[in-house]
Every structure is written in structure tokens, then in C-alpha cells.
Amino acid sequence: MAGPGGNAPTQHDVARALGISVSAVSLALNDRSGVSDDLRARVRQTAADLGYRPNTSAVALRTRRSQTIGLLIRNLANPFFLDVIEGFEAVCAGSGYALITASSHYDLRRETELMRTFIARGVDGLALAPVGGSRAAGEWHHTTGRPTVLLNAARLGRALPVLRTHVDGVSAVEQAVNHLADLGHRRLALLSAPRRRSPDP
């Protein structure tokens, strides 16, 4: 539903519909003290009925939080990362965050540029599947101090106080080799990314 003049509904429209002050609407929508639980519920319901959505730019300026998460991966064409993106989107949506995804295409320079773009955009956290090293993760962490997660890079950046999540590659290869051996195969080959691009050499 549009506000006066066809514009998106504002807090003023919510206040007008309820016959209360804009400050009371603001307190209720931002879950602050100063309004009763009953009024808070009525404000939220009226805001929803009117189609009111907070101005994310204004919220970011006020809270210094963008409600966005950056996800920087190595290769969008890799089906593994499609599952990763889907998982991140589901978790972010459930937590009220937007997800910005970018791919370095196994390019160290591009990875650094994209990481710096995420810094400029003020994203609240970065999940990074690094290319060959932890330089970008280190710069991100030391520049922003914001949460950092390394994907599939268990051995990198041990000095960095960051979270890590990774596939158990040793176990995965062992299972594959055992399966092929059980089928009678004896001459096996392994195709992988170039060593200089591997996050865990």
C-alpha cells in the first residue's frame, strides 16, 4: 500500500493511522522502551497492514549496521558453491539479513578488489572461500574487526581469530579411492585446482 502521493508508507503514515506520535511509532518499531506491549503490537500490525518497510539506508546510518553479509567464493560454476550459497541465503533470510555474493574466479587480485568493495559497502560480516592464501581475510579482519568465516580453508590464517568451516577432504578422497578399489580399479587419477590456487595446499 502506498502512502500519500503514491510514495512508500512511512512512520508518519503509521502514526497518522493510529493517532499517535511518530516518536512512539519509532520506539515500537525499534523495540525500545517507552511504549506498552499492547501499543507495540498495534504499531507493528498497522505497519504490516500499510506495507511499511524501514529505510535500510537510514537504519544503517543510525546503527552502523547494514544488515548485509558478504559471501566471496572462488567459482560460481562449481556446484558445491551453489549449495553453499543456497544455505547462506536461507540462514540470512531467517535472520533478517541480505546476502551479497561475488566470485573471484580464482583471481587473487579480483579477490582483494571484491573484499575491499565489501568493506566500502559496510557489510556486517564476510564469508570467504579464499584463493591460495589468507591475505584478503587478514586485511578484512584487521580493517573492519567484523566477523569473518573462512570456507574450505582449514589450515589458513591460523593466527587470525576467525571461524572456519570446511569439508573433510582427506576422508572424502579416502572414501572415493576405496570405492573405486572395491570396483577393481587400480590406476587412479585425481583432478583438482592448481596447487597455487588451493586454500589448503
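The values are calculated or read from the model by the stated rules, or taken from the named source; none is laboratory data. All figures in this text were calculated on a predicted structure; none of them were measured in a lab. Using ideal geometry, Cβ is built from the backbone for each residue, glycine included, and neighbour counts are taken over all protein chains shown. Surface areas here come from the heavy atoms of the whole protein model, side chains and all, with no ligands, DNA or RNA. Shrake-Rupley method; radii C 1.70, N 1.55, O 1.52, S 1.80 Å.
Data overview
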{"read-out": "Some residue of region 121-142 being surrounded by 15 or more Cβ atoms within 10 Å (Cβ to Cβ), β-branched (V, I, T) and either touching a residue at least 60 places away in the same chain (Cβ under 8 Å) or in contact with a strand residue (DSSP E or B) (Cβ under 9 Å, 6 or more places away or on another chain) (or both)", "value": "yes"}
{"read-out": "Considering residues of region 143-152 that are open to solvent by less than 20 Å² (accessible area, probe 1.4 Å) and in contact with a Phe, Trp or Tyr (Cβ under 9 Å, 6 or more places away or on another chain) only, the residue farthest from T68 (Cα to Cα)", "value": "L151"}
{"read-out": "Residues of region 20-57 classified as charged (D, E, K, R) and within 18 Å of N7 (Cβ to Cβ), total", "value": "2"}
{"read-out": "Residues satisfying the stated conditions in region 42-65, i.e. of a type in the set (S, T, N, Q), at pLDDT 65 or above and open to solvent by 30 Å² or more (accessible area, probe 1.4 Å)", "value": "Q45"}
{"read-out": "Residues that are exposed (fewer than 10 other Cβ atoms within 10 Å of the Cβ), hydroxyl-bearing (S, T, Y) and at pLDDT below 75, drawn from region 153-201", "value": "S192"}
{"read-out": "Where a residue in region 94-114 is closer than 12 Å to R74 by Cα and open to solvent by less than 40 Å² (accessible area, probe 1.4 Å) and its partner, wherever it lies, is assigned to a loop (DSSP other than H, G, I, E, B) and modelled with pLDDT under 90, with Cβ under 6 Å and at least six apart", "value": "S103/L76; S104/R74; S104/V131; E111/V131"}
{"read-out": "Every residue from region 103-117 that is closer than 19 Å to T144 by Cα and either of a type in the set (S, T, N, Q) or touching a helix residue (DSSP H, G or I) at 6+ places or on another chain (Cβ under 6 Å) (or both)", "value": "E111, T112, M115, T117"}
{"read-out": "Lone unmet requirement of (1) over 28 Å from G125 (Cβ atoms); (2) modelled with pLDDT of 75 or more for T143", "value": "(1)"}
